[in-house]
Amino acid sequence: VTDKLGIDLYTHVVDAKEFDDIVLAFLKSGARDIECPTDIGLATTMNIAAEKFGIRYKIDGHSFRTEGSAPMDWIYMDARYIQSVHQQYGTVPMKTFPNLWLYRQLKWMLLNNIKSIRPLYWLDYDKEAAKHLLTEEYGWTWYGGHHLENRATAFFHSYFIPQRWNADFRLIGFAAYCRDGRMTREEALALMSETPHIEDGLLEYYKKRLSLSDQEFDRLMALPKKYYCDFKTYKKTFERMRPFFW
């Protein structure tokens, strides 16, 4: 897309061993939020780029009509949570990972005046038409399901959450489609009865990336379960600051 539109691509390089160690720390902790480092890192990088180039507005592609919103007990994330998990279970020093510390959030909000805009909240957005346009105009290929855009995320949604936590994020997206009248409840239930799409070789790739044997992987999948409230987080701080953020 950037090549075809002639747009510069900004990248923030994180040490691969360091990032994999953060993800592995979450697996070792027994917590469910193993995608937290990816999402926090992306959010921070957006702000780093905005500050670097003097950009006031970030465009957020979330659409509650097609994606819905996950309950907090299903996924939670903040910078202090990542630090707490990594301090207990990590082994590689966290030096290059762009964590979203509260002071950075406040700086970007108050000093840089950076705002996040969600245009799809205000548009009659047709996701299927958008997918068709991307395919025809940019040679994009559908990767089999929502949240399956990279292998780490695909592992979380197609295997980790269904197998270890007996949950399925597809429910949120299908429910949103039903509320918006794009799908009937019966159609959604039929899709939910199908096994989540798993790319061939996904588990083998994930184990190799994190240097896990089959036995070690199985051990991690059977650990006692923990939740974000078992670690240090910003949650109470955010709750106290709610009037300020509003």
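The values are calculated or read from the model by the stated rules, or taken from the named source; none is laboratory data. Predicted, not measured: the structure shown is a model, and the values here were computed from it. Cβ: placed from backbone, ideal geometry, glycine included. Neighbour counts: every protein chain shown. Just the protein is used for accessible areas: all its heavy atoms, side chains included, with ligands, DNA and RNA removed. Shrake-Rupley method; radii C 1.70, N 1.55, O 1.52, S 1.80 Å.
Condition first: outside any helix (DSSP H, G or I) and among the aliphatic types (A, V, I, L, M). Now tell me which residues in the range 143-161 satisfy that.
So the first thing to find is which residues in the range 143-161 are outside any helix (DSSP H, G or I), and the list is 143-150.
Across the range 143-161, the qualifying residue is only LEU148.
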Just give me the residues in the range 105-133 being out of contact with any helix residue (DSSP H, G or I) (no Cβ under 7 Å at 6 or more places or on another chain), touching a residue at least 24 places away in the same chain (Cβ under 8 Å) and of a type outside the set (S, T, N, Q), in sequence order. LYS115, ILE117, ARG118, PRO119, LEU120, TYR121, TYR125, LYS127
Any residue at all in the range 229-237 that's open to solvent by 50 Å² or more (accessible area, probe 1.4 Å), under 25 Å from GLU18 (Cβ atoms), in a helix (DSSP H, G or I) and without any contact (Cβ under 8 Å) to a residue 60 or more places away in the chain? no
Among residues belonging to the range 133-181 that are farther than 20 Å from SER63 by Cα and acidic (Asp, Glu), point out the one that is surrounded by the fewest Cβ atoms within 10 Å (Cβ to Cβ). GLU136
Quick one: in the range 55-70, of everything that is open to solvent by 60 Å² or more (accessible area, probe 1.4 Å) and out of contact with any Phe, Trp or Tyr (no Cβ under 9 Å at 6 or more places or on another chain), which residue is farthest from TYR10 (Cα to Cα)? SER69
